[in-house]
Amino acid sequence: MNSVQACARCGAALAPGGAFCGACGLAVGVPTVLPLTPPAPPQWTQPPGQPMAQPAPPPWAQAPAAPKPAYIHQRFVGWWVGLSRRAQVGIGVAVVVAILVLAAIGGSSSTSGGASGSPSPSANGTPGNVAAVTGAPTATQVPTATPAPTATPPPPAPTATPVPPPTPGTLLSISGSGIKSSKEFAASGDSVDVTYTYNCSSFGAEGNFIINFYGANSLGPDIPDGIANDLGMSGGDTSTEYLNGATGPFHLEVNSECKWTVKVIGMP
């Protein structure tokens, strides 16, 4: 029984010994064998006297289906398999040679580019493009702000030594017996204190003791103020004399039969 190889995809008949389907380009692996069977006899279904209907043509007599668009790789594989061994070897050698030539061209262009990019030495031995580099403006560095010096606090002002307030002192000190005038002295402030003592034991009886203060009377410096006027064997006291704004000169006059001592204490 005769058989025809058919494409497993489209069903088209394959050429004997062909590696690809001529209709759809499918690579032929194991071809599908379709047994050739005689067509079934036509069925006479029309009534007698009617024109005979033509039987349908067998499948192999039908027009082949239009080839479907094949993929590029399928076409390429079909084309490559259809080549002879010698043609395949020649094409492979040509492709390798073309790749080597392109690689050589690319390497030479990169080498020439690197050579042209490298600075050529100038007359003074420096690279030629160094001048271009040095001629380029250099970025000006912004000076770093110098921190302001820390203000040194001024030394503390010297503390004024407090002047002690004036204290009263002894302005006059005299002693004796009988009648006696003192030397002159000065005083400030509102008043002075006059301290005195007397003792009449050497006199053998009671005696008088009188002190006059000159220079502080508001009526005039020659008018005395009586400080003491005692009578007895002994005694003593302190009397305050107001100066009435006067500062001196002042002096005392003592009159007694007894021994005595007198001190004037006040602000100098």
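The values are calculated or read from the model by the stated rules, or taken from the named source; none is laboratory data. Please read these numbers as outputs of a predicted model, since none were measured by experiment. A quick note on method: Cβ atoms are made from the backbone with ideal geometry, for glycine too, and the neighbour counts reach across all protein chains shown.
Within the bounds of region 137-155, is there any residue that is in a loop (DSSP other than H, G, I, E, B), surrounded by 10 or more Cβ atoms within 10 Å (Cβ to Cβ) and either at pLDDT below 95 or in contact with a strand residue (DSSP E or B) (Cβ under 8 Å, 6 or more places away or on another chain) (or both)? Working first, answer last.
First, the residues of region 137-155 that are in a loop (DSSP other than H, G, I, E, B): 137-155.
Add one more test, that the residue is surrounded by 10 or more Cβ atoms within 10 Å (Cβ to Cβ), and what stays is none.
Within region 137-155 (the criterion being in a loop (DSSP other than H, G, I, E, B), surrounded by 10 or more Cβ atoms within 10 Å (Cβ to Cβ) and either at pLDDT below 95 or in contact with a strand residue (DSSP E or B) (Cβ under 8 Å, 6 or more places away or on another chain) (or both)), the answer is no, since none of the residues qualifies.
When Tyr242, Tyr198, Tyr214 are screened for being free of Cβ contacts under 8 Å to residues at least 40 places away in the same chain and aromatic (Phe, Trp, Tyr), only Tyr214 passes.
Within the set Gly189, Gly215, Gly207, Gly178, the sole residue that is small (Gly, Ala, Ser), surrounded by 11 or more Cβ atoms within 10 Å (Cβ to Cβ), in the same structural domain as Met233 (by TED's automatic domain parsing) and over 20 Å from Val264 (Cβ atoms) turns out to be Gly207. Looking across region 186-228, just one residue is touching a His at 6+ places or on another chain (Cβ under 7 Å) and not small (Gly, Ala, Ser), and that is Tyr214.
Only residues that are of a type in the set (Val, Ile, Thr) and either under 13 Å from Phe185 (Cβ atoms) or not in a strand (DSSP E or B) (or both) were counted in region 226-262, giving 2. Please determine whether any residue of region 217-230 is touching a residue at least 40 places away in the same chain (Cβ under 8 Å) and of a type in the set (Val, Ile, Thr). The answer is no, given that none of the residues of region 217-230 is touching a residue at least 40 places away in the same chain (Cβ under 8 Å) and of a type in the set (Val, Ile, Thr).
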